[in-house]
Amino acid sequence: MSKRQVLLDALAATPADLERLVKGLDSAVLTQRPTSDEWSIADLLCHLALVEKLSLARLKLVVEGERPSISPIYPDPSLHDLNQSLTTMLANFRLARQTTLVYLQGLKAGDWQRTGIHPTRGSMNLRALVQFLVDHDTVHLNQIIETKTKHLTHADQPDNYRFFHP
């Protein structure tokens, strides 16, 4: 199996992984931030959908341009619509990811070697950008697992748990 196919398979697996991780979570768990500095699971779902759309634009820019400048993608929680239903959040990501996959699957092998210039990472070929997207998925899937675990562990503790265990 080629590295390209491994990356495509990893990208294709993320929507189902997300659905499995958030299945059955109520809106309170989805929208509660573990701390003021951490994102909620809903924030993470919105972020993933937004980054997916921005990443596709960067991928297209690299394939269609001649060593174009690639803008960094900065997280912006003010763009997260946390009033959406879980179903909508998951559907937004699934649709955006499917669009990316269709685009990538239609490329020729040589397109994966086309490069763009990132201001902090330097020259990056398309394969490296796709790997970066896979890595981004992994970071946030793990973050969802950690956030979910914090909520569920705390919910299972007796009321006096925090008094004895700060």
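Readers should treat all values here as calculations from the given coordinates under stated rules, not as data from a laboratory. Note that this is a predicted model, so its numbers are computed, not measured. Methodologically, a virtual Cβ is constructed for each residue, glycine included, from the backbone with ideal geometry; neighbour enumeration extends over all protein chains shown.
Screening region 97-107 for residues that are surrounded by 13 or more Cβ atoms within 10 Å (Cβ to Cβ) and either in a loop (DSSP other than H, G, I, E, B) or among the hydrophobic types (A, V, I, L, M, F, W, C) (or both) and picking the one that is farthest from the chain's Cα centre (by Cα) gives Leu107. Against the criterion of being surrounded by 12 or more Cβ atoms within 10 Å (Cβ to Cβ) and not polar (S, T, N, Q), Asp76 does not qualify.
Conditions (1) within 19 Å of the chain's Cα centre (by Cα); (2) of a type in the set (A, V, I, L, M); (3) at negative phi; (4) surrounded by 14 or more Cβ atoms within 10 Å (Cβ to Cβ), marked per residue:
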| residue | (1), (2), (3), (4) |
| --- | --- |
| Pro15 | yes, no, yes, yes |
| Leu21 | yes, yes, yes, yes |
| Leu44 | yes, yes, yes, yes |
| Val63 | no, yes, yes, yes |
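Just one of the listed residues (Ala57, Ala91, Ala96, Ala49) is out of contact with any His (no Cβ under 7 Å at 6 or more places or on another chain) and either closer than 14 Å to Leu126 by Cα or of a type in the set (Val, Ile, Thr) (or both), and it is Ala57.
For (1) closer than 30 Å to Asp26 by Cβ; (2) without any contact (Cβ under 8 Å) to a residue 60 or more places away in the chain, each residue gets a yes or a no:
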site: Cys46; (1), (2): yes, yes
site: Leu61; (1), (2): no, yes
site: Arg67; (1), (2): no, yes
site: Ser71; (1), (2): no, yes
site: Pro75; (1), (2): yes, yes
site: His80; (1), (2): yes, yes
site: Gly106; (1), (2): no, yes
site: Trp112; (1), (2): no, no
